[in-house]
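Before any comments, here is the structure.
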Amino acid sequence: MNFDPVSEAKRIGSLIVSWRRDFHMHPELGYEEERTSRIVEEHLREWGYSIKRVGTGIIADIGEGEKTIALRADMDALPIQEENEVPYKSKVPGKMHACGHDAHTAMLLGAAKIIAEHRDELKGRVRLIFQPAEEGGNGAVKMIEGGALEGVDAIFGFHVWMDLPSGIIGIRDGPFLAGAGIFNGKIIGKGGHGASPHETVDPIPIAAETVLAFQTIVSRNIEPIETGVVSVTSVHGGTAFNVIPEEVEFKGTFRFFKPEVGELIQMRMREILDGITKAHRARYELSIEELTPPTINTKEMADFARKVAEKYGLKYGEVRPTMGAEDFAFYLQKVPGAFLALGIRNEEKGIIYPHHHPKFDVDEDVLYIGTAMEVALAFEFLSE
Ligand SMILES: [Zn+2]
Ligand SMILES: [Zn+2]
């Protein structure tokens with residue numbers, strides 16, 4: 001590569017910030033990213049990308065060659081009322097970019113501009129994926145169905161990260177974010193008079209026993225050095241003081257890093273419910289939905305990212321795993337790659353509030369680093 005991606009990204013730093021502020025002022029929820037995607041598409045067309053639309057998502061290609069590297073940004077905001085008093089405060093009541101996806105879109109747009117300016121030096125294809133609905137909408141799945149990964153050899157994505165100091169790139173091998181699932185269950189007994197329990201099958205003590213037994217899945221069934229979460233977050237049964245209800249409903253979430261742990265949790269929930277309800281002559285229903293698999297970085301690609309950061313003098317370090325989930329996981333199930341973090345925590349500027357907090361903000365002065373890294377990853381990958 002005959003140019004320095006870091007100084008090029010720095011040169012357009014204020015442009016990246018102005019895009020970010022514009023997106024921040026006009027947040028759109030999952031699958032409603034009409035304005036955001038229109039602006040992204042206009043720029044990409046102007047810079048010579050070929051565009052494929054997948055709803056409000058965009059797949060944009062530039063360059064030709066044997067290898068293809070994909071870079072991904074998410075565009076959706078959250079249903080949160082912003083509490084920051086800043087000139088670029090959200091103009092839409094009840095909606096806010098409180099996870100930093102505005103920054104992801106702006107960083108990748110910056111990378112798109114620089115890559116296009118140097119397209120003659122590209123030795124392969126760069127594919128940009130601007131996806132909708134990361135927040136619980138699994139927009140990544142829609143993009144994959146729309147062909148986003150066809151011909152792709154590796155994929156990288158960035159998330160701005162409050163747990164890292166500003167400007168540090170967080171790189172991790174293996175599991176980074178957890179897999180997440182939800183369960184909905186029902187214990188079905190036989191209702192009756194509160195004074196005649198012997199004529200009923202009371203689902204309430206059965207539900208209580210089940211909730212307690214679920215707590216033993218993590219503590220007694222998962223190998224102690226592994227990790228998982230089983231949280232029953234809602235239990236509901238009965239309405240009157242003197243009536244034993246027919247049913248108790250419950251729901252909750254489970255989290256895991258290894259697919260086999262996720263499977264074990266699901267199997268044990270079924271076995272526990274099966275055994276306890278049988279013992280008490282009740283029945284049960286249980287539906288389990290695995291929402292997002294764990295986000296597992298390919299070690300080889302994480303190493304490649306470290307090598308690239310090192311080469312261009314970008315500061316990088318370890319990033320701690322979290323039990324949160326991210327739909328980037330779906331891309332990593334199909335192709336090798338790594339999900340990277342960009343530190344944005346800056347105590348001096350008061351940028352300390354966690355993701356999804358109404359006072360969440362990002363340290364805009366380091367966004368060019370994400371852009372520089374994306375450009376460097378693309379050119380280095382294609383010239384290897
Ligand atoms: Zn989020
Ligand atoms: Zn996010």
Seminar exercise, completed: Rounded to whole angstroms and listed largest first, the alpha-carbon spread of segment 265-384 along its three principal axes comes to 66, 41, 18
Problem set entry | Magnitude of the charge dipole, segment 15-57, Cβ model with Lys/Arg +1 and Asp/Glu -1, debye to 20 | 120 debye
Exercise. Taking the Cα centre of the chain as the origin, how large is its charge dipole in debye, to the nearest 20, when only Lys and Arg (+1) and Asp and Glu (-1) carry charge on their Cβ atoms?
Worked result: 220 debye
Exercise. Of all DSSP beta bridges in the chain, what percent run antiparallel (nearest 5)?
Worked result: 70 percent
For this session: Would you mind getting me the FRET efficiency between Ile352 and His193? Use the beta-carbon distance for r and R0 = 45 Å, nearest 0.05.
Result: 0.20
Problem set entry | At least 27 Å along the helix axis (C-alpha) and Kyte average at least -0.5, DSSP helices within the chain | 259-279
Problem set entry | Residue exposure sequence - Val366, Val335 - by fewest surrounding Cβ within 10 Å | Val335, Val366
For this session: Name the residue, out of Gly185, Gly238, Gly228, whose mean-square fluctuation peaks in a Gaussian network model built on the chain with Cα pairs under 10 Å.
Result: Gly238
Exercise. Given a Förster radius of 35 Å and the C-beta distance between Glu42 and Leu291 as r, what FRET efficiency does 1/(1 + (r/R0)^6) yield to the nearest 0.05?
Worked result: 0.60
Problem set entry | Helical contribution to [θ] at 222 nm, DSSP H n ≥ 4, -39,500 (n - 2.57), averaged over the chain, rounded to 500 | -10500 deg cm²/dmol
Seminar exercise, completed: Taking the dipole of segment 179-292 about the Cα centre (Lys, Arg +1; Asp, Glu -1; charges at Cβ), the one of Gly237, Ala195, Thr292 that reaches farthest to the positive side is Ala195
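None of the figures in this text is laboratory data; all of them are computed from the coordinates on show. Keep in mind it's a predicted model, so treat the numbers as computed, not measured. Every residue, glycine as well, gets a Cβ built from its backbone with ideal geometry; the counts of neighbours run over all protein chains shown.
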